[in-house]
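Working notes for the structure below.
Derivation of every value follows stated rules applied to the coordinates shown; laboratory data play no part. Computed from a prediction, not measured in an experiment: that's the story for all the values here. Heads up, the Cβs are rebuilt from the backbone with ideal geometry, glycines too, and the neighbour counts pull from every protein chain shown.
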Amino acid sequence: MNQYLERLVEERGIESNFIDAWGKPAVISEQSKIKLLKAMGYDTENESALAEQVQQEAEEQWLTPLNPVKVSKVDEHFSFVVRVAIEHAASKHKLVIELEDGEEQVVDFVPVDNQLQASVDISDIEFQQYLVTTDMLLPLGYHALTLKRGNKKLSTGRQITVPQRCFIPNEIQAGKKIWGLSVQLYCLRSEANWGVGDFSDLANLVEQAALQGADFIGLNPIHALYPSNPDACSPYGPSSRRWLNSLYIDVTTIDTFEDEDTQAWFNSEDIQQKLSHLRSLEYIDYEGVAEVKYEALKRVFKTFKAKHLSKNTKLNKAFKAFIAEGGESLATLSICEALQETLKRDGKDHWGWPVFPDEYKDFDSPEVAKFAKKEKDLVAFYQFLQWQAAQQFEAASDKAKSSGMLLGLYRDLAVGVSEGSAEIWGNKSLYCTDASVGAPPDILGPLGQNWGLPPMDPQKLYEQAYQPIIDLFSSNMKKSGALRIDHVMALLRLWWVYRGDDAGKGGYVYYPVDDLLGILALESVRNESLVIGEDLGTVPEEIRSKLADNGMYSYRLFFFEQAQDGGFYSPSHYPVQSMCTLTTHDMPTLSGYWHCDDLALGKEVGLYPDQDVLNTLYNTRHDNKQQILNTLHGHHSISEHISRDVNHVGMTTELNYGMQTHMASGSSALLSLQLEDWLQMDKPVNIPGTFKEYPNWKRKLSRNLVDIFNDQSISNLAKAVDNRRKAASTD
């Protein structure tokens, strides 16, 4: 590896060594590191071109007087770095700080009077870098910086002042132990929905769960997916993480649904038969749901347009205000969705921007602007969908709070967006599309994982003053009592896999973790949203300590909390600052785990490299089940009617419920239980590492919502969990 490559590997945060999920040292190959640099846009195959590239980047940095952004804690004195040509180092300069509230503060300084940090020659001119310190304490927020010399504006930047920690409700800080249910929103069944769970189902769920004592409902990512490609249904491969999945809209609650023509269409025998069929299916027919629901939404929008958009009504003003607030991000998504619909209608490839006609491949092209103008009604339709989705989500959130839930709804932020997404289309320079996010081999994925999500370039994110990440945190915390950060290690490092390579041949790329955690804390405090970091898999210890120091809650999974001798830790020994759970959407249900259904399915879809690996997994599972029985009996969480010998124990209601109440006695501040386990279901919602081999993200719950909460045995379980949580709060 030549000197430029070695330098770039270090400067761009590419890791050379790491500790794998089994605690063993692992090495990233030189070839993998070179490929990751190539994905970042470097010409790794031409040394002279690479040298020129590196030199140009360095010069551009020195010729920019202010850094793009700086993140500081609220109790730190304000300081900043400035770069000037030596001929101006003794001249008076002025830094104007425009605080977020509009107030201005000014720092007058002479660069040479401050600490010299470095110097360099560019085109025979010496440039020097100074650290300017002040005794100023800036308030929380996003502040604009402008550097001037005399009346000449030299540079701009941003100062972000952040709190010490994320928001934590007073009750939880005082020791209250709470519990809630986690659910895949689309899985919900009801007599009213159209074959997929919707926001009205969510409002009903929170009301019923609150009556049982639950303090939150945890959701799968509800990010915007692909209306014109509804079978692309993974909530973890969205088109935009800032906006909502419009398929969750309950059409019947929109006032213009009552239009006479729409009602006649809705009540027709054909539509009623379709809806009845869609509700009856065990697995969601996304194509069928989308066909009926988007037709209904277009009818509703047509009436809304006639009644409001050509008139100065209150609803027209509200809609226009929503569009203005959504800005370019909303425009990008809506135009992308309109473009995909027209391409699909014309029988052309439409899955994402990589297959758009050349004139539409760049969002900011004149041709895209012309398209948006020509199809303004269609674009407005997709903006209308986001408006309705936002209102309905907010209504469900308000219902949770009015029902007495402490946290209410908590959302899940996916780790990335898919390659064809609107989010990438609108900001291509931010993403490295020749790479994908994934994970090295670990317990959940023995072959490693490639999630098909192009990563953000950390350098570009910094150059954009972190605005994309600010927007993500802010939009996902809005009207949410908590936010779960999927694969929270992404704030520290991400496993990048070069296009076409096996997942195990990737490498880690580091991100500015302290800056990102600071921004997360700022948005958490502003939105009063507790933060949970999903820290499973290959987790460096440094990230767990950083999470704790920043007020974030760890994510503790019962099946992973084992001592070296194989025994399972008592939930009473879990960190207080954590959310505990038994299983997740990427794992089998309790019944599936106990009966090894996941291993059988894994063999069926080809997840395991050979029979020896599978045999080892079966043997390990058998041992783990025995250890679980030992733990449950040792803590008197199950009765003596259940054998202490795993060879004589199948999954029963008593064992299932016993495991859940066992967790309820733990020390974690938060406990999350899955609705699937309340219903003793066996089929998983997702098998990691599969695509078409299994119907991921389609399996519904086995019962309607109304039936769940009318079941006395489930009510008894909820009461037992609630009582144990209350008892744990007073311990």
Breaking point among (1) surrounded by fewer than 19 Cβ atoms within 10 Å (Cβ to Cβ); (2) of a type in the set (A, V, I, L, M); (3) in contact with a Ser or Thr (Cβ under 9 Å, 6 or more places away or on another chain); (4) within 25 Å of residue 448 (Cα to Cα), for residue 651:
(4)
Here is a list: 362, 349. Which entry is over 23 Å from residue 256 (Cα atoms), assigned to a loop (DSSP other than H, G, I, E, B) and in contact (Cβ under 8 Å) with a residue 60 or more places away in the chain?
362
In the list 228, 246, which residue meets the criterion of being buried (at least 19 other Cβ atoms within 10 Å of the Cβ) and closer than 18 Å to residue 184 by Cα?
246
Please work out if residue 129 is part of a strand (DSSP E or B), out of contact with any Pro (no Cβ under 8 Å at 6 or more places or on another chain), under 22 Å from residue 160 (Cβ atoms) and not aliphatic (A, V, I, L, M).
yes
All-but-one check, residue 72 against (1) farther than 14 Å from residue 114 by Cα; (2) not in a strand (DSSP E or B), failing number (2)
So, in region 542-585, how many residues would count as being among the aliphatic types (A, V, I, L, M), touching a residue at least 60 places away in the same chain (Cβ under 8 Å) and in contact with a strand residue (DSSP E or B) (Cβ under 6 Å, 6 or more places away or on another chain)?
2
Which one of the conditions (1) assigned to a strand (DSSP E or B); (2) farther than 24 Å from residue 74 by Cα; (3) in contact with a Ser or Thr (Cβ under 9 Å, 6 or more places away or on another chain) does residue 483 fail to meet, given that it meets all the rest?
(2)
Suppose we keep only residues that are surrounded by fewer than 19 Cβ atoms within 10 Å (Cβ to Cβ) and polar (S, T, N, Q) within region 38-66. Which one would you say is nearest to the chain's Cα centre (by Cα)?
61
Please indicate, with yes or no, whether at least one residue in region 178-198 is assigned to a helix (DSSP H, G or I), under 20 Å from the mean Cα position of the chain (by Cα), crowded, with 22+ Cβ neighbours inside 10 Å and among the hydrophobic types (A, V, I, L, M, F, W, C).
yes
So, in region 140-177, exactly how many residues are assigned to a loop (DSSP other than H, G, I, E, B), under 20 Å from residue 550 (Cβ atoms) and touching a Pro at 6+ places or on another chain (Cβ under 9 Å)?
1
Return yes when residue 538 is surrounded by fewer than 23 Cβ atoms within 10 Å (Cβ to Cβ), touching a residue at least 40 places away in the same chain (Cβ under 8 Å) and hydroxyl-bearing (Ser, Thr, Tyr) and no when it is not.
yes
Selection within region 291-300 - under 18 Å from residue 379 (Cα atoms) and either surrounded by fewer than 22 Cβ atoms within 10 Å (Cβ to Cβ) or of a type in the set (Asp, Glu) (or both):
294, 295, 296, 298, 299
So which residues in region 14-36 are closer than 19 Å to residue 443 by Cα and in a strand (DSSP E or B), if there are any at all?
18, 19, 25, 26, 27
Quick one: which helices (runs of 4 or more DSSP H) sit completely within region 621-719 and have at least 3 residues that are within 28 Å of residue 576 (Cβ to Cβ) and not acidic (Asp, Glu)?
653-664
The number of residues in region 543-596 that are more than 22 Å from residue 168 (Cα to Cα), assigned to a helix (DSSP H, G or I) and of a type outside the set (Gly, Ala, Ser) is 6
Checking residue 216 against (1) free of Cβ contacts under 8 Å to residues at least 40 places away in the same chain; (2) closer than 29 Å to residue 414 by Cα; (3) of a type in the set (Phe, Trp, Tyr), only one condition comes out false. Which one?
(1)
Taking interchain pairs and intrachain pairs at least six residues apart, which have beta carbon atoms under 7 angstrom, with the first residue in region 606-632 and over 29 Å from residue 570 (Cα atoms) and the second part of a helix (DSSP H, G or I) and among the hydrophobic types (A, V, I, L, M, F, W, C)?
608/614
Members of region 365-383 that are out of contact with any Asp or Glu (no Cβ under 6 Å at 6 or more places or on another chain) and either surrounded by fewer than 17 Cβ atoms within 10 Å (Cβ to Cβ) or of a type outside the set (A, V, I, L, M, F, W, C) (or both):
365, 366, 369, 370, 373, 374, 375, 376, 377, 383
